[in-house]
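Below is one structure; the comments refer to it alone.
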Amino acid sequence: MRREVDIFAHEMEAVLQLKDSEHPNGWEDDTVGDLMDMLNGKLLAMIDGYDANLLDQLDIHSLSVDIGNYAMMIADKVRETEE
């Protein structure tokens, strides 16, 4: 596995673990549409914040990890329907 992918995956997992107490079922109860809405919200927050020069590198990094997690959740839900 590429080093960058491995690091990013570990960062994604760390965020998911922090949220486990808030969402004990993970994304099981979310629809693909719900997850796409959440992904879109994070992406727009990053784009708008970047364009307005409101984000520092840490903000951009954090939002990138959140976006990666939502994309992974969507892929997981779609994979479930393919099986």
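We did not get these values from a lab; they are worked out from the coordinates using the rules stated. It should be emphasised that the depicted structure is a prediction, and the values quoted were computed from it without experimental measurement. Here the Cβ positions follow ideal geometry from the backbone for every residue, glycine too, while neighbour counts run over all protein chains shown.
Quick notes
- When the helices (runs of 4 or more DSSP H) confined to the chain are screened for residues that are of a type outside the set (A, V, I, L, M, F, W, C), surrounded by 10 or more Cβ atoms within 10 Å (Cβ to Cβ) and touching a residue at least 12 places away in the same chain (Cβ under 8 Å), those reaching at least 3 such residues are found at 57-82.
- Residue count, segment 34-49 (criterion: within 11 Å of Met73 (Cα to Cα) and over 12 Å from the mean Cα position of the chain (by Cα)): 1
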